[in-house]
């Protein structure tokens, strides 16, 4: 699966692939699942669910495991910071708004009564 693009996989398959990669890194670092769980401040079952790609695992647990395995510095590659568009820069440079005007609902010229059709 190394040659296959992650974007071509379903979310469940992506989670399973990432989980398998986490397991590979953990094994390469010669850590048991329990040791990883202890160092990350997570339960053993959470680490097990991460490694099998169980979808219900929380993102915070994933991030803690990445930190313990030394993968946190690579997260920027996953979601790089977005550059501000030139239009947004211009909007930011303009004078800040001092108040908000609430649009008044249009009131009918004559009040509506039951039985009338418009």
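Throughout, read-outs are computed from the coordinates displayed, never taken from laboratory work. Since this is a predicted model, take the numbers as computed values, not measurements. Neighbour counts are summed over all protein chains in view; Cβ atoms, including those assigned to glycine, are modelled from backbone coordinates with ideal geometry.
Only counting other Cβ atoms within 10 Å, I'd like 31, 63 sorted with the fewest neighbours first.
Numbers: 31 17, 63 14.
So the residues, fewest neighbours to most, are 63, 31.
Packing-wise, with mean Cβ within 10 Å as the measure, how do 42-49, 17-24 rank, highest first?
On the way: 42-49: 18.1, 17-24: 16.4.
Highest mean packing first, the order is 42-49, 17-24.
So what's the range 6-76 giving for Cα Rg divided by 2.2 N^0.38 Å, two decimals? The partial results should precede the final answer.
Details: Rg = 11.4 Å, N = 71, 2.2 N^0.38 = 11.1 Å.
Normalised Rg, Cα atoms only: 1.02.
If each residue of separation counts as 0.36 nm, what is the full-extension length gain between residue 110 and residue 90 once their alpha-carbon separation is subtracted?
2.7 nm
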